[in-house]
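In what follows, a structure is listed as structure tokens, so that the remarks can point back to it.
The values are calculated or read from the model by the stated rules, or taken from the named source; none is laboratory data. Note that this is a predicted model, so its numbers are computed, not measured. When we count neighbours, we look across all protein chains shown, and the Cβ atoms used for this are built from the backbone with ideal geometry, even at glycine. Keep in mind that these areas ignore ligands, DNA and RNA; they rest on the heavy atoms of the full protein, side chains included. Shrake-Rupley method; radii C 1.70, N 1.55, O 1.52, S 1.80 Å.
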Amino acid sequence: MAKKSNKTSIYLFILLIIAGCVLACSSLITNDYLKLIIVMVTLGIGLFGVMKGLSNPSEKPTEETPAEEK
């Protein structure tokens with residue numbers, strides 16, 4: 001599992017992705033190329049942040065012990 005701060009940052013990056021997509025789909029921005037740039041930038045930053053948050057190893061390393069044979 002990720003640490004609590006990593007979980008929070010992952011949720012923030014997901015919200016950033018959603019906000020960028022909603023902003024691009026709304027009629028607030030009239031220029032289509034600007035909408036495309038906003039979506040691409042928010043998706044890039046958001047996905048990079050999520051991957052970075054999930055790729056950090058957990059604090060507790062798991063040690064596998066071999067099963068004892070009887």
With r defined as the distance between the Cβ atoms of Asn56 and Ile18 and R0 fixed at 22 Å, what FRET efficiency is calculated, to the nearest 0.05? 0.45
Rounded to the nearest 10 Å², what accessible area does Leu54 show when all protein chains are kept and the probe is 1.4 Å? 120 Å²
Length gained if Leu28 through Ser9 is fully extended, taking 0.36 nm per residue and subtracting the Cα-Cα distance, is 4.1 nm
